[in-house]
1. Go through the residues of the range B:86-107 one by one and say whether even a single one is touching a Leu at 6+ places or on another chain (Cβ under 8 Å), open to solvent by 50 Å² or more (accessible area, probe 1.4 Å) and either aliphatic (A, V, I, L, M) or not in a helix (DSSP H, G or I) (or both).
2. Can you find a residue that is among the acidic types (Asp, Glu) and farther than 23 Å from B:Tyr79 by Cα anywhere in the range B:219-226?
3. Just for the range B:6-60: of the residues that are small (Gly, Ala, Ser) and open to solvent by less than 10 Å² (accessible area, probe 1.4 Å), which one is farthest from the chain's Cα centre (by Cα)?
4. Kindly evaluate A:Asn64 against the criterion of being in contact with an Asp or Glu (Cβ under 8 Å, 6 or more places away or on another chain) and either open to solvent by 100 Å² or more (accessible area, probe 1.4 Å) or over 30 Å from B:Lys183 (Cβ atoms) (or both).
5. Taking the condition within 21 Å of B:Thr14 (Cβ to Cβ) and in contact with a strand residue (DSSP E or B) (Cβ under 8 Å, 6 or more places away or on another chain), does B:Ala117 pass?
6. Got a number for residues in the range B:1-56 being among the small types (Gly, Ala, Ser) and assigned to a loop (DSSP other than H, G, I, E, B)?
7. Report yes if A:Glu45 is more than 9 Å from chain B (Cβ to nearest Cβ), closer than 30 Å to B:Thr252 by Cβ, modelled with pLDDT of 80 or more and not in a strand (DSSP E or B), otherwise no.
8. Out of the residues in the range B:108-144 meeting the condition of being part of a helix (DSSP H, G or I) and free of Cβ contacts under 8 Å to residues at least 60 places away in the same chain, tell me which one is most open to solvent (accessible area, probe 1.4 Å).
Amino acid sequence: MSLLDYFKTSKTSSASLAKERLQILVAHERTSKNQPSYLPELQDELLNVVRKYTNVTQDAIFINFEQDEHQETLELNIMLPDDNDKKKTKSILGK
Amino acid sequence: MVTSGKGGVGKTTTSAAIAMGLAKKGHKTAVIDFDVGLRNLDLIMGCERRVVYDFINVVNGEATLHQALIKDKNCGQLYILPASQTRDKDALSKEGVEKVLNELSKTFKYIVCDSPAGIEKGAHLAMYFADDAFVVTNPEVSSVRDSDRMLGLMSSKSRRAEKNQEPIKEYLVLSRYSPERVKLGEMLSVEDVQEILSLHLLGVVPESKSVLNASNAGIPIILDEKSDAGQAYADIVARYLGEEKPHRFIETKRGFFGKLFGGK
């Protein structure tokens, strides 16, 4: 092992960290790019419906859209506030 | 069309170099600055004092294309269409740009569109009519991310995408590359960037002092044939035109210290 190699290995590579972060981010952004354009509006309306019956905040609703070769999945998660401060999660999965 | 999403990565430098390279190969070439309000191509091309009319004047019919085009002082085959410095970006319209591009394509073999940074109107119009895209990227996280975003827009918001035609051909120009820093693990490598963007690599432009020297003087870097960056752009143009050229400037130069410590 040469002297230069010694210095190289003693450093944690920031480039590999950059690559890892980018791969995750880019993959995420590519999937969200293909999301239907009605998704934010749907999220908003669903939130309003839920709010009619219960008191939830914007952060308590989570919509995830996933796509593979065979199917598109819309996942909806609503964190319902509970009187006893317990939190229940309702999940609807659709095709 | 030359794009990047992010600002300051070398779009205008690349536009000037590629346009000059194509013209020097004997192709009649026009280069258009789409950065309305913040024009700089004229400065990089060294013709800033000869700007009378601009792109917007032509779009609005206030000047003819012939009046607005500036003949390059170094190459008779190259003409520059500067952006307006006084109007805002809304002065450009799809129809207006299309009209000018159609008129230019009657006499020019290549039309190089220098896109502004960002994803707003100017950038959208620069890419909308494109056949080929040079995606200028620096080996740095924000630049790679923005390039990916631009690629997404090109595949969905361009004329070719809207008309279901063959997609825009996309080429990667990796600029400000430092093989030394890549070797030390401080910079994303060519392979890393290619893997993330999955783009065809047209060439790597090394980080070079000569780029600033060239822009200081208003001479496209490709005319500095002695500089590494100038040679890199000459390779890029040649590859774009179908010539086979082995990639350069990816490996570190082995100097005295490299030989001393590098083993082998």
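1. Within the range B:86-107, not a single residue is touching a Leu at 6+ places or on another chain (Cβ under 8 Å), open to solvent by 50 Å² or more (accessible area, probe 1.4 Å) and either aliphatic (A, V, I, L, M) or not in a helix (DSSP H, G or I) (or both).
2. As a first pass, look at the range B:219-226 and keep what is among the acidic types (Asp, Glu): B:224-225.
With the extra rule that they be farther than 23 Å from B:Tyr79 by Cα, the set shrinks to none.
The answer is no, given that none of the residues of the range B:219-226 is among the acidic types (Asp, Glu) and farther than 23 Å from B:Tyr79 by Cα.
3. Taking the range B:6-60 first, the residues small (Gly, Ala, Ser) are B:7-8, B:10, B:15-17, B:19, B:21, B:23, B:26, B:30, B:37, B:46.
With the extra rule that they be open to solvent by less than 10 Å² (accessible area, probe 1.4 Å), the set shrinks to B:15-17, B:19, B:21, B:23, B:30.
Details: B:Ser15: 3, B:Ala16: 7, B:Ala17: 7, B:Ala19: 8, B:Gly21: 11, B:Ala23: 14, B:Ala30: 13 Å.
Restricting to residues being small (Gly, Ala, Ser) and open to solvent by less than 10 Å² (accessible area, probe 1.4 Å), the top hit is B:Ala23.
4. yes
5. Details: within 21 Å of B:Thr14 (Cβ to Cβ): yes; in contact with a strand residue (DSSP E or B) (Cβ under 8 Å, 6 or more places away or on another chain): no.
Spelling it out, it is not the case that B:Ala117 is within 21 Å of B:Thr14 (Cβ to Cβ) and in contact with a strand residue (DSSP E or B) (Cβ under 8 Å, 6 or more places away or on another chain).
6. Residues of the range B:1-56 among the small types (Gly, Ala, Ser): B:4-5, B:7-8, B:10, B:15-17, B:19, B:21, B:23, B:26, B:30, B:37, B:46.
Narrowing the set further to residues that are assigned to a loop (DSSP other than H, G, I, E, B) leaves B:4-5, B:7-8, B:10, B:26, B:37, B:46.
Qualifying residue count for the region: 8.
7. Numbers: more than 9 Å from chain B (Cβ to nearest Cβ): yes; closer than 30 Å to B:Thr252 by Cβ: no; modelled with pLDDT of 80 or more: yes; not in a strand (DSSP E or B): yes.
It is false that A:Glu45 is more than 9 Å from chain B (Cβ to nearest Cβ), closer than 30 Å to B:Thr252 by Cβ, modelled with pLDDT of 80 or more and not in a strand (DSSP E or B).
8. Within the range B:108-144, the subset part of a helix (DSSP H, G or I) is B:121-128, B:141-144.
Filter once more, keeping what is free of Cβ contacts under 8 Å to residues at least 60 places away in the same chain: B:121, B:124, B:128, B:141, B:144.
Details: B:Lys121: 78, B:His124: 54, B:Tyr128: 18, B:Val141: 50, B:Val144: 0 Å².
Checked the range B:108-144; the qualifying residue most open to solvent (accessible area, probe 1.4 Å) is B:Lys121.
The values are calculated or read from the model by the stated rules, or taken from the named source; none is laboratory data. Just so you know, these numbers come straight off a predicted model, no measurement behind them. All Cβ positions, glycine included, derive from the backbone under ideal geometry; neighbour counts span all protein chains shown. Accessible surface is based on the protein model in full, side chains and every heavy atom, while ligands, DNA and RNA are left aside. Shrake-Rupley method; radii C 1.70, N 1.55, O 1.52, S 1.80 Å.
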